[in-house]
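To keep things clear, I will list the structure first and then write my remarks on it.
The values are calculated or read from the model by the stated rules, or taken from the named source; none is laboratory data. Being a predicted model, the structure only gives us computed values, none of them experimental. Virtual Cβ from ideal backbone geometry, glycine too; neighbours counted across all protein chains shown. Keep in mind that these areas ignore ligands, DNA and RNA; they rest on the heavy atoms of the full protein, side chains included. Shrake-Rupley method; radii C 1.70, N 1.55, O 1.52, S 1.80 Å.
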Amino acid sequence: MIITRRTLLGAAAAIACAAAIPAFAAKPLTIGFSQVGAESEWRTANTASIKDAAKKAAVNLKFADAQQQQQNQVKAIRSFIAQRVDVIAFSPVVETGWETVLREAKNAKIPVILTDRAVKVTDPSLYVSFIGSDFVEEGRRAGRWLLEYAKKNGDKPLNIVELQGTTGAAPAIDRKNGFAEVIGANPKLKVIRSQTADFTRAKGKEVMEAFLKSEGKKINVLYAHNDDMAIGAIQAIEEAGLKPGKDIIIISIDGVKGAFEAMKAGKLNVTVECNPLLGPTLIQTAQDVVAGKPVPKRIVVNEGVFPAEVAAKELPNRKY
């Protein structure tokens, strides 16, 4: 065999190409993720789950905290588009106002995955999948628990005050509607005050203080759209000289450790679980989308209802 300069160059090129193929294949998946903020214990656990899952899967995660402002999320999504990330994921702070920026992502051929909260858009192809809880069902579960409680306690009239989540946010809208749908079956259950407390502990305390000043001992039940608002309200109830969990029955949603601790202390009656550990599902879904595999349009998380009676037993098992 005669070895020529051309042969050597050809061999060198083949080796270089062969070396480049694994390097190209090993290029990490890049996900741009816009988080609502850090307004609650639930959100902190949600963020940790996503960051941890990305790290374990060697995914390059570009993380942006929106500080509960829609304009910050829109800005972050546009930044992700400019950076040409592989996938955009976000938990929308409110349901509406996303059409334009999501269309920009679609035109750039960057798939979008929703986590935790939904959006209202005229074109459902603007996102590939929504991973999260059924918020309406969570509201219904809270309502069903109250119906059972009322039945077991003489079916007396009960005045309810409601601490809503962020105005316009999917969980606030859906948890309110699901609860109202179920308690409507008993005309003795009446919501006498309902106001947003923005899913935060501080606002929960502030709004509950206002409820107590205006309604006083007329309040029999508090329904809070998340545990953090309920925990803030517990402080207000105690400062008013009342016993939370006894003088005022407290129902909340999320199932964070703080709620289990409050139940164990006899200050909260029930929490409806909303699982924040969405990270592994998000990363797997993003990987499947980029690989061209079909993914479900809606991925619902499994969750339960935890009354105070099981709090002590369940608390050591809680991961968030």
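For the condition in contact with a Phe, Trp or Tyr (Cβ under 7 Å, 6 or more places away or on another chain) and modelled with pLDDT under 95, what is the one hit in ARG298, ARG318?
Only one candidate qualifies: ARG318.
Looking at ALA38, ALA64 in this structure, which one is in contact with a Ser or Thr (Cβ under 7 Å, 6 or more places away or on another chain), part of a strand (DSSP E or B) and open to solvent by 20 Å² or more (accessible area, probe 1.4 Å)?
Only one candidate qualifies: ALA64.
Can you pull out the residues in segment 67-112 that are part of a loop (DSSP other than H, G, I, E, B) and aromatic (Phe, Trp, Tyr)?
Matches in segment 67-112: TRP98 only.
For ALA170, which of the numbered conditions (1) under 20 Å from the mean Cα position of the chain (by Cα); (2) within 14 Å of SER252 (Cα to Cα); (3) open to solvent by less than 20 Å² (accessible area, probe 1.4 Å) fails to hold?
Here ALA170 meets the rest and fails (2).
Taking segment 289-320, which residues are among the charged types (D, E, K, R) and either loosely packed, with under 15 Cβ neighbours inside 10 Å or in contact with a strand residue (DSSP E or B) (Cβ under 9 Å, 6 or more places away or on another chain) (or both)?
Residues satisfying the conditions are LYS293, LYS297, ARG298, GLU303, GLU309, LYS313, GLU314, LYS319.
Among the residues of segment 255-267, are any closer than 19 Å to ALA202 by Cα, among the acidic types (Asp, Glu) and open to solvent by less than 10 Å² (accessible area, probe 1.4 Å)?
No: segment 255-267 contains no residue that is closer than 19 Å to ALA202 by Cα, among the acidic types (Asp, Glu) and open to solvent by less than 10 Å² (accessible area, probe 1.4 Å).
Any residue at all in segment 77-84 that is under 24 Å from ILE173 (Cβ atoms), open to solvent by 60 Å² or more (accessible area, probe 1.4 Å) and modelled with pLDDT of 95 or more?
No: zero hits.
Tell me, which residue of segment 95-118 that is surrounded by 16 or more Cβ atoms within 10 Å (Cβ to Cβ) and in contact (Cβ under 8 Å) with a residue 40 or more places away in the chain is nearest to the chain's Cα centre (by Cα)?
Restricting to residues being surrounded by 16 or more Cβ atoms within 10 Å (Cβ to Cβ) and in contact (Cβ under 8 Å) with a residue 40 or more places away in the chain, the top hit is ASP116.
Would you mind telling me which numbered condition in (1) surrounded by fewer than 23 Cβ atoms within 10 Å (Cβ to Cβ); (2) within 29 Å of VAL93 (Cα to Cα) GLU162 fails?
Condition (1) is where GLU162 drops out.
Quick one: is LYS203 among the basic types (Lys, Arg), farther than 20 Å from GLY143 by Cβ and touching a residue at least 12 places away in the same chain (Cβ under 8 Å)?
yes
Identify the single condition in (1) open to solvent by 10 Å² or more (accessible area, probe 1.4 Å); (2) over 25 Å from the mean Cα position of the chain (by Cα) that ILE219 does not satisfy, given that it satisfies every other one.
Here ILE219 clears every test but (1).
List the residue pairs whose Cβ atoms are under 6 Å apart, where the first residue sits in segment 47-58 and is over 15 Å from LYS319 (Cα atoms), the second is open to solvent by 20 Å² or more (accessible area, probe 1.4 Å), and the two are 6 or more positions apart or on different chains.
ALA54/LEU61; ALA58/PRO28
When you scan segment 144-184, how many residues do you find that are assigned to a helix (DSSP H, G or I), over 27 Å from SER40 (Cα atoms) and either among the small types (Gly, Ala, Ser) or free of Cβ contacts under 8 Å to residues at least 24 places away in the same chain (or both)?
Residues meeting the conditions: 4.
Specify the residue that is nearest to GLN284 (Cα to Cα); the eligible residues are those in segment 113-133 that are in a loop (DSSP other than H, G, I, E, B) and among the β-branched types (Val, Ile, Thr).
VAL128
Looking at segment 135-143, can you tell me whether even one residue there is surrounded by 14 or more Cβ atoms within 10 Å (Cβ to Cβ) and either part of a strand (DSSP E or B) or hydroxyl-bearing (Ser, Thr, Tyr) (or both)?
no
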